[in-house]
1. Stretch residue 81-residue 281 to full length: gain in nm at 0.36 nm per residue minus the Cα-Cα span?
2. May I have the count of lysine pairs in segment 214-327 with C-alpha atoms under 12 Å apart, counting pairs 8 or more residues apart or located on different chains?
3. Tell me which lysines have Cα within less than 27 Å of residue 107's Cα, excluding those fewer than 8 residues away on the same chain?
4. Determine the gain in length on full extension of the stretch residue 43-residue 153; use 0.36 nm per residue of separation and subtract their C-alpha separation, reporting nm with one decimal.
5. Over the Cα atoms, compute the radius of gyration (one decimal) and Dmax (the largest Cα-Cα distance, rounded to a whole number) for segment 214-327, in Å.
Amino acid sequence: MKFHIRLSLVLAAAVLAVPGLRAQDSLSAVNAGEAFLEQLQPRDSILIADQLKYGFELDEVRAGTGLMLPDYSKGFCEGVEVVSPWVLDTVKVLEGRKKAPELMNIKGSITVTSFDEGKYSLPPIYVVRISPEGRADTLSFSPKVLDVKTMPVDTSAFEVHDIKGQIQYPVQFREVLPWLGGALLLAAVVLVAVLLARKYAGRRAGNGAGREPAHITALRKLDRFRGDTWWTPEKQKAFYSGITDALREYIVSRFGVSAMEMTTKEIFDGLKDKDIRPDLYQEAKELFERADYVKFAKYVATQGETASAVPSAVKFVTMTYQEELDTESGEAASAGDGGQRRPESGQQGKEE
């Protein structure tokens with residue numbers, strides 16, 4: 001039923017929008033009471049830009065009745081503007097008698113506002129009611145007066161005031177508590193990090209103190225490859241890889257050359273300026289080159305070449321380590337001799 005009335009509202013807007021057609025001119029108007037004017041925000045006066053509902057009420061409207069409402073899209077009243085169009089609400093539904101249609105109380109309104117101070121006589125509202133049988137009559141609702149006011153300003157009592165500062169409230173413990181908790185948590189994290197760092201540093205120092213010398217580690221690893229069980233062609237790749245890996249680790253520790261990430265050429269380019277005998281340098285270089293052939297070129301080393309691989313590697317380790325010891329011993333002896341010769345020079349000066 002409500003849908004039928006809303007559909008009639010659309011039809012009414014279309015009919016009354018036609019130029020020269022007015023419901024009150026075509027049909028005799030029947031006074032149906034006064035229109036209503038209600039504030040959306042009730043107060044004792046109407047101020048500029050306040051929104052109000054202006055409309056009518058119809059009681060006991062039969063189901064199937066059509067309503068044709070005024071079209072205010074092209075103007076409503078000078079100084080007053082329409083904010084939203086017609087809205088129809090079913091206020092109450094009354095059950096009819098036996099075989100009689102239902103009756104409804106209808107309320108229709110538009111929303112208006114004004115942005116200028118003054119009194120405005122709103123136009124009367126004409127509604128064309130079409131009964132279910134097709135009979136039409138025009139209902140007239142008496143208009144209202146809209147009195148818009150502004151907020152009065154008392155200029156005699158006006159006084160300029162400075163901008164007030166923010167209100168200062170005393171600091172409470174619950175406000176400081178999150179910051180205090182965060183500071184304690186941060187301190188705990190720093191303490192744990194320091195303890196872990198010290199513990200890790202102590203482990204590294206302990207590991208370094210108990211680590212065996214580089215030449216001992218290299219000789220122990222090379223000792224695994226002694227014997228002719230590694231000389232078969234299918235095992236030669238693992239055999240030469242194990243020997244050269246042991247020598248690479250020794251070169252890193254003994255000479256400071258990053259041999260683990262270098263090619264054979266790069267390794268021996270880095271060893272050129274080291275204190276290594278030429279024959280040891282050449283023999284180790286040939287061993288690495290032969291290992292590259294076996295690993296990457298599928299070269300099968302002879303029995304003699306394979307038999308000499310471990311001895312050559314052991315010789316390189318022991319001889320370079322021995323040269324290091326001899327160098328350190330020579331430096332210590334030179335330092336000791338220099339300290340003893342100074343008193344002798346003094347005694348000779350006295351004798352002279």
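Readers should treat all values here as calculations from the given coordinates under stated rules, not as data from a laboratory. On a predicted model such as this, the values are computed, not experimentally measured, just so you know.
1. On the way: separation 200, 0.36 × 200 = 72.00 nm, distance 10.44 nm.
This chain segment gains 61.6 nm when fully extended.
2. Value for segment 214-327: 6.
3. Straight-distance partners of residue 107: 2, 53, 74, 92, 98, 99, 119, 144.
4. Values: separation 110, 0.36 × 110 = 39.60 nm, distance 1.87 nm.
Additional length available on full extension: 37.7 nm.
5. 13.4, 42
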